[in-house]
1. For the range A:108-134, how many residues meet the condition of being within 10 Å of chain B (Cβ to nearest Cβ) and buried (at least 23 other Cβ atoms within 10 Å of the Cβ)?
2. Against the definition (more than 26 Å from B:THR336 (Cβ to Cβ) and in contact with a His (Cβ under 6 Å, 6 or more places away or on another chain)), how does B:ASP196 come out, yes or no?
3. Does A:SER276 satisfy the criteria of being surrounded by 20 or more Cβ atoms within 10 Å (Cβ to Cβ) and either more than 27 Å from A:GLY306 (Cα to Cα) or not assigned by TED's automatic domain parsing to the domain that holds A:LEU387 (or both)?
4. Within the range B:360-380, restricting attention to residues that are of a type in the set (Ser, Thr, Tyr) and not in a strand (DSSP E or B), which residue is nearest to the other protein chains (Cβ to nearest Cβ)?
5. Give the range A:135-166 a look and list any residue that's surrounded by 23 or more Cβ atoms within 10 Å (Cβ to Cβ), over 21 Å from A:ARG179 (Cβ atoms) and away from every other protein chain (no Cβ under 11 Å), or say none.
6. I'd like the residue in the range B:300-328 that is in contact (Cβ under 8 Å) with a residue 60 or more places away in the chain and in a strand (DSSP E or B) and, out of all such residues, is nearest to the other protein chains (Cβ to nearest Cβ).
7. Pick out the one residue from B:LEU441, B:LEU459, B:LEU435 that is more than 14 Å from chain A (Cβ to nearest Cβ) and in contact with a His (Cβ under 7 Å, 6 or more places away or on another chain).
8. Which condition number in (1) within 30 Å of B:ALA137 (Cα to Cα); (2) hydrophobic (A, V, I, L, M, F, W, C); (3) surrounded by 23 or more Cβ atoms within 10 Å (Cβ to Cβ) is the one that B:ALA442 fails?
Amino acid sequence: MFVRLLGTLPLVFALAGCSESPVFEYDSRPIELQRAPTASGGPDLGATLAKVASGSDTPLLVIDTGSLLSSLRRGVCPSPTPEPVAYTGDIQLLAASDTGAPLRASFRGVTLLDLCAGAVGDASTQVAGVLGGDILRNFSVAFALPRVPTPTQPTTMTIYSNLPASDSDLAADGYTVMRVSLRGSTAAATASGNGLPGPPSSRMMMRVCANPPVFSPDGTAQTCKTGEVELQASGTNLLLTLSTGHGPLVLSASAWQRLGGQVPAPLGAGEPLLYSPLTTDPIPAHWVTVSRLALVDGDSGDAWPGACAELARGRRIEWTLANQNNGGCFQPCDVSGGVALPAAAYLEIGSDLPAAVVSDASDLISNLNEDFPSGAQVDGVIGAATLAGTSFEIDYISQPQGRWVAACLPGVDRQTCWAAPRCYGLSGSGQTHMCFGLPRLGLAPNCPQ
Amino acid sequence: MVDWGLRSRYCGHLSAVHDFNTGTLKGFPSPPAMVRRRQSRRVPHATRILITAALLVCATPALAGPLDDPHVGSLGFSGPTTGDLTAVYWNPAALGLLQGNQFMFGASLRATQVTVDRAPIDPSTGLPGGTRGFPSASGRGLEQPMAWPPGPAGFVGVGAGVARRFALAIAAYTPFSQKLSFDVATPTRYHLVSVDSRQLALVTGLAIELTDSLQVGIAPGALFSYGHLVFDQDTALGGPSVEDPNAAARYDLATDGTQAPSYFVVAGIHFRRAAWEVGLAYSSAPLGGDGTVKLAMERSQVKPPATAATSDLCSAVGHSPCVSSEMRYRLPDIFTAGVTWHATPHLDAVGIVRWVRYGEYDRITIRLVGPSGNGLLANGLTDQLVLYRGFQDSWDLRARLVHAPLRWFRWSGTLRMETSAVPEASVSAAAVDGLKFEPALATEFTLGRHLRIAAGYALTWMVPVTVGTSVFNPAAAAACAQAADDLSSPACQARSAGQARPSAAGSYKMLRHTLALMTTVSF
């Protein structure tokens, strides 16, 4: 629904962004959320939904980390007047619980767009607006997305003012910590070319390895000679945006083809449409499954071998540590200067994740790539259903990059969710470390070249 | 919590703009110079005495409050019109009165005793008025500068007059501190077991003499914070077993040494005319971020209650401490005014008023992060705490006579009165304050041409405070839960403000002895 807005965004922010000081009220306790269907007829594990006070009504509001802007419809839909209109208004966020709709957070004096937000998940799940990244980025926002939401373990969102722990402390406490780029700020300026400021950066770009093989530290060791780190990688590298306003994994057709999938023509014929908070109209989609997904900490620098190579290295290092008492040793490609390299943090989720394949020319994929530097390509969206069984916190406050801090919810098995904090290598025989949920271990040897 | 006034980030700036003009009236001579100064005779003595008395009486009573050190520098001689190195704190413009080079080192010993007699509570609700009584709780705090991290209650500075019209100085002192400890099983545990909070200021000062009678000064500084706070959280609040020790989780939060500094500035003017000196100064709250101090509490521990599934949060991750936390609070800015009247060559009358804007110090917010999996939330422990403080602005008024009968000896007598920084209903063991009176005596000896040694003693007595209706309402937690955490309900508003804690009704007494020693070397 926001694609049509890009050209007008600078003016929106120039006019509305600098007038008032927003006032935020929240209590940093979990806010119970509903879930939209992942697709028509799908389970209610899709987009995260709260309610919002709108006159005497309490319509649904989608919480979307992938939307750059927030909106709240003031009138009827469809609108009798041209939309969108930017205004300064309030979002009174209500919990979407079975016991009522209590006020759980208040965002007053914020810039909102008045437009018909449409549907998310399926056609029947109409929302009155979007709580987007422009507001969420003032906080550190935690989500708990159980695989099967129940009254005792519901889907929740918690708003915090900050996340105080350092990356290393969080890793020591068992969290997967990823430094992620926040994107989106230059989209409007680029689109309009008028030089006015666009919406703030709030989209989290995740480096992902799709369809990696199943791994167990009890399996056989993977050998890797010096210089073979990328050669030994399995899976497909992707760049995806985290969006809690979507349910399934969404992939561009080209990304799906890189995974070895087939794209029917016409795409999505006879299949359910994808309802996205980022587009006005539902999108034709081809529905598939992706066996596994690993979100890997890292950057896109020249020296970075890619998400799948980092994942393979992390698994080799885990195998070595788990088996170091039985002769396990670090593979030559994982050693530099005689010292084992650190294993990057990753969160692996499976299995058979539902995914919607959409055209590269769709409004959704175009929107995601609007602000991206030439040469890079955003391949799609990680939706809320993809992350079922996890809890994570998006630390927008952290500088210069945002942080994504994740863990698996209790009771979830390794093949469904596995959080591997960064494992720092040891440089001396007197040192010990705890990694991959293993007991405290000393220095493991390096394998011969 | 409420984030007030967060300006839209689209504009690229925040709203925290500190108004920065204060002034200090300009001032008066350092003690030896004062004695030499020619006195005006244009105003009759009686009139001057009346004016001085009126100034002292009409000014609102002064505050130092539970965090503020009212005796930075020496006890009994320093103030906004005093031309020694303590001017870095009191009024940088008065640095312009420095003659030659100076080094000052001072230390205080401050012993505080607090007695809390909690009112009986109803064991089923936790509200005052029941049958469950408590023994008297006694809290003690001894502050002295010989500690690490440094302070509180110390002062060290060095400075010099430069080229007649300038003076430069650098000094370290502790403008804010709080230290108090109760027994581990104290009835005050839900508000405070112990606190040790220090804000060490490292400040450089510059004064410029604009005219013979008018000087201005500025002293930007860095504030290094240290904190250690221990209290209990009643995890069964609102249930049938209120204040059950078995349901008490202990939060022991501490910084790892001093923290990266926040920055502040002191500015002032000093005016001198005939026998009168006037000083005005403004000391800012930490600049930027709405004056908020953010302390990374890297040495934090949370001990789950006996009723929790685990007794050690850290066992699963194999290292301790395993909890990270950050504490946020605001510090006040301070306006200071002082008048000195050199009544005779040997006698000065001094009036000082300080307005400490404690109204900003309304709460302490704490965010904690524990181990994943079986961490804080899994054990029913909250990871976000708000400790209500609810301070109000306070006023500190002091009247002082300084008599120098000999060239090498002077003494002073000061009577200080300070209004409460804490409204009666908000008083708790963590924030004990009331109307205070403080007589103080100080003497100073000049030894040779270069050395002065001053010593002083002050006794601070707080008018006992009886809290009948406390803002702390243990029933608010249950009422808020019953309202499905609806923030618009009064109970949830109280919980958000940190008032959903066990009652603090009762009587509070406080007595403080301060012994100070200051050495000044002129060279």
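1. The total comes to 3.
2. The answer is yes for B:ASP196.
3. In short, yes.
4. For the range B:360-380, the residue satisfying everything is B:SER372.
5. The answer is A:LEU145, A:THR155, A:MET157.
6. Initial filter on the range B:300-328 (in contact (Cβ under 8 Å) with a residue 60 or more places away in the chain): B:300, B:302, B:304-310, B:313, B:325, B:327.
From what's left, in a strand (DSSP E or B): B:300, B:302, B:325, B:327.
Details: B:SER300: 9, B:VAL302: 12, B:SER325: 6, B:MET327: 9 Å.
Per the criteria, the residue is B:SER325.
7. Details: B:LEU441 fails: in contact with a His (Cβ under 7 Å, 6 or more places away or on another chain); B:LEU435 fails: in contact with a His (Cβ under 7 Å, 6 or more places away or on another chain).
Matching residue, one of B:LEU441, B:LEU459, B:LEU435: B:LEU459.
8. The one condition B:ALA442 does not meet is (1).
The values are calculated or read from the model by the stated rules, or taken from the named source; none is laboratory data. Computed from a predicted model, the values in this text were never measured in an experiment. Using ideal geometry, Cβ is built from the backbone for each residue, glycine included, and neighbour counts are taken over all protein chains shown.
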